[in-house]
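What follows is calculated from the coordinates using simple rules that are stated; it is not laboratory data. Quantities reported herein were computed from a predicted structural model and do not represent experimental measurements. Cβ: placed from backbone, ideal geometry, glycine included. Neighbour counts: every protein chain shown.
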Amino acid sequence: MADNIKANLKLTGISILAVLVLVVILQNTTTVETKILWMSISMPRALLLLVTVGIGFGAGYVYGRFRKPKPVVTVPAATPEAERVDEE
């Protein structure tokens, strides 16, 4: 039962996200001119947004892939001897 609810929530979230992306694309069809260094590129604003998001996801992936992992801190489990010392 819980798996079915998770699957429905996931499908609903993906559907809402797809509709929002479609709305953004349909509202941003005008052509814009973008200057990068010495180049001038004309493209639809929706494509520019998609490229920008792709660069952001790519940078996040590369950062997450190559950063040093955090050291694992282990906490010793409570033992009956440790509890007795605290009581005294």
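Summary of computed values
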{"read-out": "Complete set of residues in the stretch 41-68 that are surrounded by 10 or more Cβ atoms within 10 Å (Cβ to Cβ) and either part of a strand (DSSP E or B) or touching an Asp or Glu at 6+ places or on another chain (Cβ under 6 Å) (or both)", "value": "ILE41, MET43, PRO44"}
{"read-out": "Residues of the stretch 25-40 satisfying the condition of being over 14 Å from VAL51 (Cα atoms) and surrounded by 10 or more Cβ atoms within 10 Å (Cβ to Cβ)", "value": "GLN27, THR29, THR31"}
{"read-out": "Residue that is farthest from the chain's Cα centre (by Cα) [pool: residues in the stretch 1-13 that are of a type in the set (A, V, I, L, M) and surrounded by 10 or more Cβ atoms within 10 Å (Cβ to Cβ)]", "value": "ALA7"}
{"read-out": "Residues of the stretch 22-40 classified as out of contact with any helix residue (DSSP H, G or I) (no Cβ under 9 Å at 6 or more places or on another chain) and of a type in the set (Val, Ile, Thr), total", "value": "2"}
